[in-house]
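The values are calculated or read from the model by the stated rules, or taken from the named source; none is laboratory data. Here the structure is a predicted model, which is why all the values come from computation and not from measurement. With ideal geometry, Cβ positions are generated from the backbone for all residues, glycine too; neighbour counts draw on all protein chains shown.
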Amino acid sequence: MARKLPHKDVVIVGLGWTGSIIANELCDEGLDVVALERGPWRDTATDFNIGYAADELRYNSRQELMLRPAQTTVTARNNAGQTALPMRQFGSFHPGNGVGGAGVHWAGITWRFSPADFRLRSHFTERYGAQAIPDDMTIQDWGLTYEDMEPYYDRFEYLAGVSGKAGNLNGQLQDGGNPFEGPRKREFPNPPMAQTYGPTLFAETAAKMGYKPFPIPSSLLSRTYTNPLGVTMGQCTFCGFCTNYGCANYSKASAQTTVLPVLMRKSNFELRTLCEVLKVNLDSTGKKATGVTYVDTSGEELEQTADLVILCAFMLDNVRLMLLSGIGKPYDASTGTGVVGRNFCYQMANQVVGFFDPAKYNFNNFIGGGATGMAIDELNNDNFDHGPLGFLGGGSTRCAPIGAEPISKRPTPPGTPAWGSGWKKAMRDSYLSNLSVGCEASSYANRGNFLDLDPTYTDRLGRPLMRITFDFPENDVKMSAYVTKKVGEIVRAMGAQQAVEYPRTGPWSTVPYQSTHVVGGTAMGADPSTSVVNPFLQSWDVPNVFTVGANVFPQNSGFNPTGTVGALAFRAADAIRSHYLKSPGPLVHA
Amino acid sequence: MTRIRLAIAAALLVTASCSVIAAVMAPALADDQDFTLIERGRYVATAADCVACHSLPDGKPYAGGAALQTPFGTLVAPNITPDRETGIGNWTKEDLRRTLREGIGRGGKRLYPAMPYPAYTRMTDDDIHALWVYLQTLEPVSNAVEANQLPFPFNIRLLMAGWNLLNFEPSSFKSDPQKSEEWNRGAYLVQALGHCGTCHTPKSALGADDNDRALQGANLQAWYAPSITADKRQGIGNWSVDQLIAYLKTGANHQSLASGPMAEEIQNSSSKMTDADLKAIATYLLDQKPSEGKTLAPLAADDARMRTGGAVYTDTCMACHGGDGKGQTFLFPTLAGSGLVQADDPATLIRLVLDGSRAVATDSRPTGPAMPPLGWRLTDADVAAVVTYIRNSWSNAAPPVSAGDVAKVRKTLAQAN
C-alpha cells in the first residue's frame, strides 16, 4: 500500500516548461502546489557549467539530458499489422528528463501557429471543399481561435524574451517580418538575432526569387533581458551548442532561466525530484481524481492527494498516464472510436544540403545557435494554393546554422568515399562551405497512427510501455517531396555546386534523429467524441485533471511546437485561476 | 506512566502560572507591548542582522546558529529566543545592554568579539530597549547551544578581559555636527547596527579592528571583503549613491552582484531596510576617503602572464563577461573598474574562479545567477594567469597573482568543504 502524504491543493506531474509556468501561476493564486519530477534537479552553474556544457560526447552522443530507456521507453511499429519493439536507445526523438524537461535541450525556435491551424478542418473545407480532405485524414479544429491564443502567445514570448521581428501588428503588415503570421498586439520583446553569412545569403537569394524572408523567432536572446517575473537572461554568444545541450550563458529560455528562480522562492511551492508518478487515482465514481501515486528512489510508493491534478510531463508520458489511469476512452483504430491515443502526429523534417565552392564560400557553421537564421513562410501550411497539388500542408523553410559539432557534423557530398584520404579531402573542403536549408513541415493526423499501451513490454515498475503505431501518411510524403524540391531551387540559386535534397520518405524509422516534435494523443477540441480535453485542456471525463503539452495538439503544423505549448500553459493556468477555482467542475459543457 | 505524565503536566502548569503571575506583578513602567516599539525592535534586529549568526539556515530564527570559524577556533552564536533554559528567557534588559555595550553577558561571562560588540557598543539605549522588547515577543525555542568551542587556551573566557583591555573600550556613537543628519544616520548604521567593519575593516594580529584603515577591506572566512570606501580603484568610489542603494537593496547593480557572506547580509538585512536608511548608508560610505593609496600601473599586455591569462579568459570567461570585461547587467558582473577585482588581496577573486558562487536572489532581482566552479578545469598557474589578466586589463591595475596564492586559496577551500 502506498503511504499517504499530507494533502495538497495541486499536484503537478513533471516540472518542465508547462509545469513550471502553471505552478508559478497557481502559487500566485495562493494554492499549495507540489510538483513531482521523475528526473533530477538541473541548474545552470552546476549542470551546464561553461567548462563542459558543450561536451558533444557527453550531451549529444550519450544524451545525458535525455530520458534513459532503462527508466522508461516506448515500443514502436509502422502499422497495426506489425509487432512493436521497444526503443532501447532514443533516436528519432529525444524525450527530456529532469527539471526543465525537453525545454532544457531544445533549439529555441519559437513560433506562433497560424490562424488557419486552429480551425484546420473548417479552413480546408471552406477553401477546397470537404472532398479535398482524404477519408483517413482525421485532422480537426482545436476548439479555439488564434484570437483566443494571442494574449497567451504574448505572455509566453515575453516570459522567454523571444527575439524576432513582427510581420503583422494589429493587422498591419510589417516589413522584415513574416507576412503570413497572425496579427500580434505588440512587437517581440527583443530585436532579432544577428545573422551569420549563410542565412544572410539565403535571405538575399530568397528575396530575389520573390519570397519574403524574415528572422527566425528565437528564444536564444539577442540582448540582455529582464522578463516580467524579474528574471534576467543573457545575450546569446552563438556558441553553437543548443540542441541537445543546456545553455551555460543564461541565454536560452528554459524553465531554469525564466520561471524557476521565482517559483523556487515561493513558500507555497514544493518540488520533489526523482519521483515517478505511477498513475492518477480516481474515486469510486471514476469522475474525480483524488491525487496521484508515485514512487521515489527508495522504491517506496507514496500517495499524494490533491484537489487538482495537472499532467505536465513529456507528451508521451501524459498520454500514457491517462491510459494507465483510465481517464477517457482509449482509441480503437479498428473502429475509429475512442479518443485517448488518437491523432498521434509527428513533424516532417525535410532538408536540402548545399555544397558550395570552398574557394569562394566560407559559412563557418561552427558559429551558430539553435534558433538563429532566416526563414520564409511561403511554403508553409496553406500559404500556397493546394488546389492542383493533391496534398495538404507545408513547412517553415529556414536556413538556421545551429552549430557544427566536431564529432557528428561531417557533411560530405554524395559519392565521397566513407573513409581514407578521399573522405578527408571532401571533409576539409565541405566543412566550412556546406550549408543546410531545412523545411520543418506539417504532420497531419491519420486514422492508422495512434498511441496505446503495449500488450507485451512493460517498464521497470511493471506498467505497460506506450506503443507508437506510426508511419508517414501519403499526404505528408507528397507534401515533403513538393516543398523540398522548392527549397532545392533556392539552394541552387544561392550558388551551390550541388544541392542534395532529403525529403522525408517512409517508412518512419526510429533510428536516425528527426525531430522531438511528437504531438497528439489527447487532442483538445470542442467535441468530446473526437477530443480528450476541452479547449482549456481540462479532461472531459475527470474535470479536476488537466493536461498541458504537445499531446493536446490535434495535428501538427509546419512550425516547431514550443511557442504554442507555452501559450497553452498560460491559457490553462488562466482558465483555472479565473474560472475553475471559483466553481470547480467542467469549464465547458458539451 | 500516565501518572508521571500528569505530574509533568501539572508541574508545567505551575511553572506557566508562575510566569503569568510574574508578568502581572511586574510594574508596568512603560508599555512593553507597544506596537511601535516592537516594530522598531524588529527593525533594529534586521539592521543589526542578528538572524545571520543566531539562526541555522533551515532552523527557527534566533534559536542558535551555525559554527563560525575564527582564526582562534570555532564559536557558535547562542539561542537568543526567550526560552528560560536554553535561551535568554532569564535575562534582564540590563544583561542585554551589557552584552551589546560591554561584551559582558549575563553572570559576567565575557564574550568573544565574534559577537560584534565592538560595533554594538555604539548602539543607542533606545535601540537596545526596542531590541529587548522585540526579542521578548519571539517564540521561545528550546535549543541548547554550546557557544564556546574554542581550543585551550582560547576557551578561557577570562582571557577576553585582557583582550578587551588592549583592544576594546565601551563607547557610544558620536555624531559629527559638521555633517548632515543623513550622513550621521549612515555613520550610526555602518558603525553600530550594520557592523560593516566586522568584515570590511582589516584586523590586527589579535583580531581587533584596525580603525585607522576602517572599511578598507579584510580577509575573513576565506573571503576577502573588499574596501567599501570611496577608493576609486579598490573600493566603491565610482559608484553613485543610487547605485550603492540598488546593490544593498536588491543585491545587484550596474556593475556587481553580491554573493558569499554579502549575499546573506543582503538577504537578511539590507534588502529589508528602508530606502532612507540605505541612502544614509550610501551617503556616509561614499564620503569615506581611503588612506593614500599608491598609484599602480597595469602590467604590460605582452607580459607572459597577461598573454596566458588572456588566452584562458577568451576560452573560459569571455562568453559571459565579454571581451571588454563589461559583463551583462544583473547577470554577469562587470570586471572592468571593479574594486573587488583590483583589490590588493585577490582571495575572493581566486575563490570565485575556483569554486564559483551563487549571487543573491531577492524579490526585486530574483535571478540569482551563478559563477560556475572552474577549479576542476584550470591549474593553479592558469587561475593565477587569468586573475592577473583580469586585474590588469581594461584600465584595471592590481598586483599580479602567483600560482602559490592560488594554491593557498585552493587548500583553504578544500579544508572548508
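For residue B:39, the test of being farther than 20 Å from residue B:270 by Cβ, assigned by TED's automatic domain parsing to the domain that holds residue B:140, acidic (Asp, Glu) and out of contact with any His (no Cβ under 9 Å at 6 or more places or on another chain) is failed.
Considering the stretch A:217-228 alone, what residues qualify as being at the interface with another protein chain (Cβ under 7 Å from one of its Cβ atoms) and assigned to a loop (DSSP other than H, G, I, E, B)? If the condition is that a residue be at the interface with another protein chain (Cβ under 7 Å from one of its Cβ atoms) and assigned to a loop (DSSP other than H, G, I, E, B), then A:224 is the only one that fits.
If you check residue B:283 against the conditions, is it assigned to a helix (DSSP H, G or I), within 14 Å of chain A (Cβ to nearest Cβ) and surrounded by fewer than 21 Cβ atoms within 10 Å (Cβ to Cβ)? Considered against the rule, which asks whether it is assigned to a helix (DSSP H, G or I), within 14 Å of chain A (Cβ to nearest Cβ) and surrounded by fewer than 21 Cβ atoms within 10 Å (Cβ to Cβ), residue B:283 comes out as no. For residue A:47, the requirement of being of a type in the set (Asp, Glu), touching a residue at least 40 places away in the same chain (Cβ under 8 Å) and within 14 Å of another protein chain (Cβ to nearest Cβ) is met.
Would you check if residue A:18 is within 14 Å of another protein chain (Cβ to nearest Cβ), closer than 23 Å to residue A:229 by Cβ and in contact (Cβ under 8 Å) with a residue 60 or more places away in the chain? For residue A:18, the condition - within 14 Å of another protein chain (Cβ to nearest Cβ), closer than 23 Å to residue A:229 by Cβ and in contact (Cβ under 8 Å) with a residue 60 or more places away in the chain - is not met. Considering only residues that are within 8 Å of another protein chain (Cβ to nearest Cβ) and in a loop (DSSP other than H, G, I, E, B), look in the stretch B:309-341 and name the one that is surrounded by the fewest Cβ atoms within 10 Å (Cβ to Cβ). Checked the stretch B:309-341; the qualifying residue surrounded by the fewest Cβ atoms within 10 Å (Cβ to Cβ) is B:329.
Restricting attention to the stretch A:552-569, does a residue exist that is assigned to a loop (DSSP other than H, G, I, E, B) and farther than 28 Å from residue A:370 by Cα? For the stretch A:552-569, residues assigned to a loop (DSSP other than H, G, I, E, B) and farther than 28 Å from residue A:370 by Cα: absent. In summary, strands (runs of 3 or more DSSP E) completely within the stretch A:251-325 and bearing 2 or more residues that are farther than 30 Å from residue A:53 by Cβ occur at A:276-282, A:289-295, A:301-311. For the stretch A:229-248, a residue qualifies if it is farther than 25 Å from residue A:63 by Cβ and either in a loop (DSSP other than H, G, I, E, B) or more than 7 Å from chain B (Cβ to nearest Cβ) (or both), and the qualifying residues are A:229, A:230, A:231, A:233, A:234, A:235. For residue B:351, the stated conditions hold: it is assigned by TED's automatic domain parsing to the domain that holds residue B:320, basic (Lys, Arg), touching a residue at least 24 places away in the same chain (Cβ under 8 Å) and buried (at least 21 other Cβ atoms within 10 Å of the Cβ). Could you count how many residues in the stretch A:222-242 are buried (at least 21 other Cβ atoms within 10 Å of the Cβ) and either of a type in the set (Val, Ile, Thr) or under 21 Å from residue A:113 (Cα atoms) (or both)? Total meeting the criteria: 2.
May I ask you to verify whether residue B:289 is farther than 24 Å from residue B:247 by Cα and away from chain A (no Cβ under 12 Å)? So residue B:289 fails the test. Scanning the stretch A:341-350 for residues that are touching a Phe, Trp or Tyr at 6+ places or on another chain (Cβ under 6 Å) and in a strand (DSSP E or B) yields A:342, A:344. When B:174, B:179 are screened for being more than 22 Å from residue B:101 (Cβ to Cβ) and in a loop (DSSP other than H, G, I, E, B), only B:179 passes. Here is a check on your reading of the model: is residue A:245 hydroxyl-bearing (Ser, Thr, Tyr), on the phi > 0 side of the Ramachandran plot, in contact with a helix residue (DSSP H, G or I) (Cβ under 6 Å, 6 or more places away or on another chain) and crowded, with 20+ Cβ neighbours inside 10 Å? Answer is no for this residue. Exactly one residue among B:377, B:365 is within 12 Å of chain A (Cβ to nearest Cβ), crowded, with 24+ Cβ neighbours inside 10 Å and of a type outside the set (Ser, Thr, Tyr), and that residue is B:365.
From the list B:259, B:270, which one is among the small types (Gly, Ala, Ser), surrounded by 21 or more Cβ atoms within 10 Å (Cβ to Cβ), in the same structural domain as residue B:195 (by TED's automatic domain parsing) and farther than 24 Å from residue B:397 by Cα? From the options B:259, B:270, the qualifying one is B:270. Being of a type in the set (Ser, Thr, Tyr), in a helix (DSSP H, G or I) and out of contact with any strand residue (DSSP E or B) (no Cβ under 7 Å at 6 or more places or on another chain) is a description that does not apply to residue A:513. Among residues of the stretch A:408-431 that are within 18 Å of residue A:357 (Cβ to Cβ), those with a Cβ under 7 angstrom from a residue that is surrounded by 12 or more Cβ atoms within 10 Å (Cβ to Cβ) and among the basic types (Lys, Arg), sequence gap 6+ or separate chain, pair up as A:427/A:410.
In this structure, residue B:29 does not satisfy being aliphatic (A, V, I, L, M), surrounded by 14 or more Cβ atoms within 10 Å (Cβ to Cβ) and modelled with pLDDT under 95. The single condition among (1) surrounded by fewer than 17 Cβ atoms within 10 Å (Cβ to Cβ); (2) more than 14 Å from every other protein chain (Cβ to nearest Cβ) that residue A:266 does not meet is (2). The condition (being at pLDDT below 95 and loosely packed, with under 13 Cβ neighbours inside 10 Å) is satisfied by just one residue among A:420, A:415: A:415. Counting the residues of the stretch A:19-28 that are more than 12 Å from residue A:159 (Cβ to Cβ) and among the β-branched types (Val, Ile, Thr) gives 1.
Of note, residue B:252 satisfies the criterion of being buried (at least 22 other Cβ atoms within 10 Å of the Cβ), of a type in the set (A, V, I, L, M, F, W, C) and farther than 25 Å from residue B:70 by Cα. Against the list (1) farther than 21 Å from residue A:315 by Cα; (2) aromatic (Phe, Trp, Tyr); (3) in contact with a Ser or Thr (Cβ under 6 Å, 6 or more places away or on another chain), the condition residue A:457 fails is (1).
Counted as qualifying within the stretch A:1-117 are the strands (runs of 3 or more DSSP E) with 2 or more residues that are surrounded by 23 or more Cβ atoms within 10 Å (Cβ to Cβ) and at pLDDT 95 or above, namely A:3-13, A:33-36. Inside the stretch A:396-410, can you point out the residues that are out of contact with any Leu (no Cβ under 6 Å at 6 or more places or on another chain) and either outside any loop (DSSP other than H, G, I, E, B) or of a type in the set (A, V, I, L, M, F, W, C) (or both)? A:396, A:398, A:399, A:400, A:402, A:404, A:407 - these are the residues of the stretch A:396-410 that are out of contact with any Leu (no Cβ under 6 Å at 6 or more places or on another chain) and either outside any loop (DSSP other than H, G, I, E, B) or of a type in the set (A, V, I, L, M, F, W, C) (or both).
Checked across the stretch B:74-84, the condition of being more than 21 Å from residue B:198 (Cβ to Cβ) and either touching a helix residue (DSSP H, G or I) at 6+ places or on another chain (Cβ under 7 Å) or not in a loop (DSSP other than H, G, I, E, B) (or both) holds for at least one residue.
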